[in-house]
2 protein chains.
Amino acid sequence: MAADPLSRVFAALADPTRRDMVARLAVTDSTVGELAEPYAVSVQAVSKHLRVLEDAGLVSRSRDAQRRPVHLEAEVLDLMTTWIERYRRQAEERYRRLDDVLASMPDDVAPTDVSPTHPTDVSPTQPTDVSPTHPTDATPPGGNPS
Amino acid sequence: MAADPLSRVFAALADPTRRDMVARLAVTDSTVGELAEPYAVSVQAVSKHLRVLEDAGLVSRSRDAQRRPVHLEAEVLDLMTTWIERYRRQAEERYRRLDDVLASMPDDVAPTDVSPTHPTDVSPTQPTDVSPTHPTDATPPGGNPS
DNA sequence: ACTGTTGTCAACCGTCTGGTTGAGGATGCC
DNA sequence: GGCATCCTCAACCAGACGGTTGACAACAGT
């Protein structure tokens, strides 16, 4: 199990069954048994998948007698969206600038990669989240998984 | 290696080193050696990571003599964003409706989960992407990885 | 109390993953 | 040509992962 929250969340959604369960939980809370029903795997396997989702903070489990209603903690998805959008925007701005440079110059000169002209405070030129001691990623806002 | 594109992309970003490389590539294209430099792992390990990113469609590698400039295919990130936003919005609408119901009723009646009152065409009540034969997820728009 | 339902834990298994070392090809410089 | 630089491939390894079966606890109905 990866230690940092972002890795946990991405890893949790790397499995199609888990992704499908998240999609269904977006529609309505469900018990473990209900979640397991459409899949050709055992309930134990589904319980295991839910453990992964819970440890990633993506779902929470409550009790209703012997049933375990599962609830999607949708705001945890923001963790990923924030990360993705941050770097996607950055890259696309750069590519747009490269397109502009290409459009404004003769055909026989090829420019090199257009880097930012001044370092920004989001520049990840130093590794930011591969520190082996403690990752600097934000904790999931959904609360403490287990 | 997972077969479907979404699983590949999520899995690719589940590793902090790979995530960091993507973040750095958002700023500027880099060679394998440049990407490897800040990490306490071998160049071979980094090359392997890049293979994963390439197979997920997130990066492309070109040739410049013996160097291998690596380019981020940022639009592939949209694959994940699209998926995430779809279900996050759905869930949050549901929770908002539940909050409204709670606000409009006496304190001694607890409602059950608020499901959509009519099925929508995005309802994932049937498994959509765990079909063992062929996943229905979209192919990465960044082109064919390898 | 007995039986059925629901779900988790433990152990096991085959496969995958993130790292390693060793080898070697492509390219550039002297 | 010899040497340096850059990078990939292959094989190996320990640990992780997605599945299984068996066992069992909590709960509900008769």
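Residue under question is B:LEU102, and the condition is that it be at pLDDT below 95, under 25 Å from A:VAL22 (Cβ atoms) and more than 10 Å from chain A (Cβ to nearest Cβ); does it hold? Yes: the conditions hold for B:LEU102. When the residues of the range B:33-54 are filtered to those that are under 25 Å from B:LEU6 (Cα atoms) and β-branched (Val, Ile, Thr), the one that is nearest to DNA strand D (Cβ to nearest atom) is B:VAL46. The single residue among B:ALA14, B:ALA23, B:ALA40 that is under 18 Å from A:VAL9 (Cβ atoms) and not in a helix (DSSP H, G or I) turns out to be B:ALA14.
From the list B:LEU13, B:LEU58, B:LEU35, the lone residue that is under 19 Å from A:ALA91 (Cβ atoms) and in contact with a Lys or Arg (Cβ under 6 Å, 6 or more places away or on another chain) is B:LEU13. Considering the range A:55-72, the residues that are surrounded by 16 or more Cβ atoms within 10 Å (Cβ to Cβ) and of a type in the set (A, V, I, L, M) include one that is nearest to DNA strand D (Cβ to nearest atom), namely A:ALA56. Looking only at residues in the range A:34-54 that are more than 22 Å from A:ALA65 (Cβ to Cβ) and of a type in the set (Val, Ile, Thr), the one that is surrounded by the fewest Cβ atoms within 10 Å (Cβ to Cβ) is A:VAL41. The single condition from (1) under 14 Å from the mean Cα position of the chain (by Cα); (2) under 21 Å from B:ALA12 (Cβ atoms); (3) hydrophobic (A, V, I, L, M, F, W, C); (4) within 12 Å of chain B (Cβ to nearest Cβ) that A:VAL59 fails is (2). Can we say B:ARG8 is closer than 25 Å to A:LEU79 by Cα, open to solvent by 50 Å² or more (accessible area, probe 1.4 Å), touching a helix residue (DSSP H, G or I) at 6+ places or on another chain (Cβ under 7 Å) and not in a loop (DSSP other than H, G, I, E, B)? Yes; evaluated as a whole, the condition is true for this residue. If the condition is being under 21 Å from B:GLN90 (Cα atoms) and at the interface with another protein chain (Cβ under 8 Å from one of its Cβ atoms), then the range A:76-96 contributes A:LEU77, A:ASP78, A:MET80, A:THR81, A:TRP83, A:ILE84, A:GLU85. Any residue at all in the range B:19-33 that is open to solvent by 40 Å² or more (accessible area, probe 1.4 Å) and more than 12 Å from DNA strand C (Cβ to nearest atom)? Checking the range B:19-33: at least one residue is open to solvent by 40 Å² or more (accessible area, probe 1.4 Å) and more than 12 Å from DNA strand C (Cβ to nearest atom).
The values are calculated or read from the model by the stated rules, or taken from the named source; none is laboratory data. It should be emphasised that the depicted structure is a prediction, and the values quoted were computed from it without experimental measurement. A quick note on method: Cβ atoms are made from the backbone with ideal geometry, for glycine too, and the neighbour counts reach across all protein chains shown. Quick note on the areas: whole protein, heavy atoms, side chains included, nothing else; ligands and nucleic acids left out. Shrake-Rupley method; radii C 1.70, N 1.55, O 1.52, S 1.80 Å.
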